[in-house]
Amino acid sequence: MTRAARWSGWLYVLPALAMYAIFVLRPLGLTFQYSLYHWNGIGVARWAGLDNYLTVFTDGDLLKIIGNAFVLIIFFSFIPVGLGLLVASLVRRASGGPFGTVVRTILFLPQVIPLVAAGIAWSWLLSSNGVINQLLRAVGLGGWARAWLGEFDTALPSVGMIGAWVLLGLCTILLVTGMSKIDPALYEAARIDGAGPIREFLAVTLPSLRREIGVCLTVTVIAALASFDIVYIATAGGPGLQTTVPGLEIYRLAFAQRQVGLASALAIVLMVLVLVCVLPIQRLTRGDKA
Amino acid sequence: MRLSRRERLTGRAFLVALALITLLPFVSMLSAALQPRGTVPTGLAWPADPQWSNFVDAFTVANMAALLRSSLFITVGVVPVSVAIATMAGFGLGHLRVPGGRIAFGLLLIGLTLPFEAVVTPIYYQMRDLGLLNTRWAIVLPLIGLYMPFAVFWMRAHFTNVPQELSDAARVDGSTTWQLFWRVHVPLARPAIASLTILLFLWTWNQFLLAIVLVDDATERTMAGALGAFQGQWGTDQVLLCAGSLLILTPTLVVFLIFQRHFISALLQGSLKG
C-alpha cells in the first residue's frame, strides 16, 4: 500500500475519534480542571489547588462512601464468581438441548433489563411485606423479618445482594462455558493421580478458567465501584450514608449541592480507583496473551 | 468425561435453583401488579380476582406510547451512527494500519474502563452551552462518544484478524479503499457488526445516568430514565408501580426472547473482549 493510501486511512478513523474527543476526552479534561477549583456551577470559580482532593481523602463521610463501594465488591464480585465457580465445577459441561437453552435464557434476563428495574423489583422483594420476609416467616424465622433496605445494618448488604442477583447469571454462564472448553483428559489424569475434588479444583479448574475468572472480576468490580442506578432507585443512599456510593455522591455534589469542584475531584478519584483495581486483575489473568 | 450421576444431578439442581432465584422478582412483581388497586399487596400471593386492567391503567399513566417513541428516537439516533463510525475506525486501525494508529488506539483505551460518572458533570455544562439540555440530543450525542472506546476496540479486534491478502487481491482489481471497505470487508464483518448493534441497543435503551442528569421530562428520556421517573411518581402505589415496571420492561423482554441466541452470544463475547 502506498504511503498516501495509508495516510488517507485516517479519514476512516477521524469521525469516531472526533466524537470521542468531544464527548469523552474534553469532558475528562474539564473534570480534572474543575477538580482544581471551588465552583458552584454558576458564579466565578476560585482556585483551590489540591484542596478538593485533600477533602476527598480526609473527610470522614467521603471516606465512608468510598469504603461502601469496596464493600459492594464483596457482593457484586465475590458472590457471583464464587457461586459461579461452584456451579461450573458441578455442571462441568454446558448443557445442550432445551434444558440448557431455557436455563441460559433465564439466567441472562438480569443482563437485559435495566438496572433500574432490578432496583425497583428488589425494593419490593425486600420491603416489609415483600417475598423475602414472607419466606422467612414461612420457615419460622419471622423474627428476622425487617425492612431490609431501610435498616442501618442491613441496607448495604441488601443493596449488594441486588447486584449479586444481576451479575450471578452472567458469571455462571461465562464460567460454565469456559469449563466446557477444558480438556477432559486433564480431569482423568488428576483422578488417576488420586486427586480429591478440592485438589482437582485447585490444580485443573482454577488455572484453566483463569481468563474467564478475570473477565468476571473485571466486569463485576467495575459494576461495584461505579454503581449508581441500583442505589439511586433502591435506597437513594440511605439510611444516613449507609448505602451512598461515589457515583451517587458525585451526582449529588454536582447537581444538588453545587459543589462542582469537590464532585469532580471525587470523580477523578473514582476513575483512578477503577483503574487501580482492574489493571492488576487484567495483568494476572491474561499475562500470557498481552 | 465420566461424572457420577449424583454429581451431574447436583449440578443441575443448582442451575435450576439459580434460575428460580432469577425469576423470583419477576413473579413477585406480577403477583403484586394483579392485586386490586389501593390494596397493600404481600410478596407472593396469587390474587383471587386478577386485575389485568391495572396494566391498562399503567399504560395510560406512564404514557407508554410517548416513552416508546422517545426511546426509539434515541436508539435510532445512537446505534446506527455509532456502529458505522466504529466500523470505519476499526477498519482504519486494524486493517489499514494508519501511521500513528497506535496512539489513537491508546487514547481510546483510556475510555474503556471510564465510569460515566467521571464525565457527566462537564457534559451537562457542555449540553447547556449548546442549548441541547432537556432535548433527546443531549443523550444521543454524548452516548455516541462514550461508546467509541468499546465499539472501536471491538471492530478493530475483528479487522486485525482479517488476512491482508484479501485486500491485496482486491487492490489488484483496481478497487479504491472505499470499495474495498464497503464491498469486501463490511460484508465479512457482519457477525461482529450484528453483535455490536445488539450490545449498543441494550446499553442505550437501559441508559439511566445521562437520562436523569440531562433530561427532566420523562417522555424525552430512555426507557430506563422513564422508569426512574415512574418510580419517583408512583413509588407509594406498589400495585401500579409493579404493573408499570413490567409494562416498561415488556419491549426489551420481547426483543430479547426473539433474538435470545444472538443476545446471549453477543453478551458473552462482549464481556470476554471488554
Within region A:163-177, restricting to residues that are at the interface with chain B (Cβ under 9 Å from one of its Cβ atoms) and not polar (S, T, N, Q), the one that is surrounded by the most Cβ atoms within 10 Å (Cβ to Cβ) is A:Val176
Of (1) aromatic (Phe, Trp, Tyr); (2) under 17 Å from A:Ala118 (Cβ atoms); (3) modelled with pLDDT under 90, B:Trp203 satisfies all except one. Which? (3)
Per the list (1) more than 9 Å from chain B (Cβ to nearest Cβ); (2) in contact with an Asp or Glu (Cβ under 8 Å, 6 or more places away or on another chain), residue check on A:Asp193 breaks on (2)
Could you tell me whether any residue of region A:246-265 is touching a residue at least 40 places away in the same chain (Cβ under 8 Å) and not in a helix (DSSP H, G or I)? yes
For B:Leu24, which of the numbered conditions (1) assigned to a helix (DSSP H, G or I); (2) more than 7 Å from chain A (Cβ to nearest Cβ) fails to hold? (2)
Can you tell me which residue in region A:93-137 is farthest from the other protein chains (Cβ to nearest Cβ), limited to those that are under 19 Å from the mean Cα position of the chain (by Cα) and part of a loop (DSSP other than H, G, I, E, B)? A:Ile113
Where B:Leu109 falls short, out of the listed (1) more than 10 Å from every other protein chain (Cβ to nearest Cβ); (2) in contact (Cβ under 8 Å) with a residue 60 or more places away in the chain; (3) assigned to a helix (DSSP H, G or I): (2)
Over region A:237-290, the set of residues among the acidic types (Asp, Glu) and either at positive phi or touching a helix residue (DSSP H, G or I) at 6+ places or on another chain (Cβ under 8 Å) (or both) is A:Glu249
Check A:Arg283 against each of (1) basic (Lys, Arg); (2) in a helix (DSSP H, G or I); (3) closer than 21 Å to B:Tyr125 by Cβ and name the one condition it does not meet. (3)
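Considering only region B:159-182, how many residues are part of a helix (DSSP H, G or I) and either touching a Phe, Trp or Tyr at 6+ places or on another chain (Cβ under 7 Å) or free of Cβ contacts under 8 Å to residues at least 12 places away in the same chain (or both)?
Looking only at that region, the number is 10.
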Would you please name the residue that is farthest from the other protein chains (Cβ to nearest Cβ), looking only at residues in region A:138-156 that are part of a helix (DSSP H, G or I) and crowded, with 16+ Cβ neighbours inside 10 Å? A:Leu156
Scanning for something in a helix (DSSP H, G or I), more than 7 Å from chain A (Cβ to nearest Cβ) and closer than 28 Å to B:Thr160 by Cα, does region B:239-249 turn up at least one residue? no
Going through region A:197-240 one residue at a time, which ones are more than 13 Å from every other protein chain (Cβ to nearest Cβ) and part of a loop (DSSP other than H, G, I, E, B)? A:Gly237, A:Gly238, A:Pro239, A:Gly240
Just a yes or no: is a residue in region A:71-90 within 13 Å of chain B (Cβ to nearest Cβ) and outside any helix (DSSP H, G or I)? no
Count of region A:60-83 residues which are surrounded by 13 or more Cβ atoms within 10 Å (Cβ to Cβ) and of a type in the set (Asp, Glu): 0
Long-range neighbours under 8 Å by Cβ, at least six apart or interchain, first residue assigned by TED's automatic domain parsing to the domain that holds B:Leu68 within region B:250-269, second part of a loop (DSSP other than H, G, I, E, B): B:Thr252/A:Ile113; B:Thr252/A:Pro114; B:Thr252/B:Asn206; B:Leu253/A:Ile113
Test each condition in (1) more than 23 Å from the chain's Cα centre (by Cα); (2) facing chain A (nearest Cβ under 10 Å); (3) in contact (Cβ under 8 Å) with a residue 24 or more places away in the chain; (4) closer than 30 Å to A:Trp165 by Cβ for B:Leu114 and report the one that comes out false. (1)
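Can you name every residue in region B:117-144 that is at the interface with chain A (Cβ under 7 Å from one of its Cβ atoms) and within 14 Å of B:Gln207 (Cα to Cα)? Talk me through it step by step, then tell me what you get.
Keep residues of region B:117-144 that are at the interface with chain A (Cβ under 7 Å from one of its Cβ atoms), which gives B:117-119, B:121-123, B:126, B:141-142, B:144.
B:Glu117, B:Leu141, B:Pro142, B:Ile144 - these are the residues of region B:117-144 that are at the interface with chain A (Cβ under 7 Å from one of its Cβ atoms) and within 14 Å of B:Gln207 (Cα to Cα).
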Positions within region B:9-25 being closer than 17 Å to B:Ser245 by Cα and crowded, with 19+ Cβ neighbours inside 10 Å, in sequence order: B:Thr22, B:Leu24, B:Pro25
Considering region A:99-156 alone, what residues qualify as being among the charged types (D, E, K, R) and closer than 25 Å to A:Phe228 by Cβ? A:Glu151, A:Asp153
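Of B:Ala66, B:Ala62, which residue is closer than 30 Å to B:Ala138 by Cβ, within 29 Å of the chain's Cα centre (by Cα), surrounded by 17 or more Cβ atoms within 10 Å (Cβ to Cβ) and in contact (Cβ under 8 Å) with a residue 40 or more places away in the chain?
B:Ala62 is the lone residue from the list that is closer than 30 Å to B:Ala138 by Cβ, within 29 Å of the chain's Cα centre (by Cα), surrounded by 17 or more Cβ atoms within 10 Å (Cβ to Cβ) and in contact (Cβ under 8 Å) with a residue 40 or more places away in the chain.
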Unmet criterion (only one of (1) closer than 27 Å to B:Met223 by Cβ; (2) more than 9 Å from chain A (Cβ to nearest Cβ); (3) not in a loop (DSSP other than H, G, I, E, B); (4) not polar (S, T, N, Q)) for B:Pro50: (3)
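The values are calculated or read from the model by the stated rules, or taken from the named source; none is laboratory data. These numbers come from a predicted model, not from an experiment. Glycine gets a Cβ as well: all are built from the backbone with ideal geometry, and neighbour counts include every protein chain shown.
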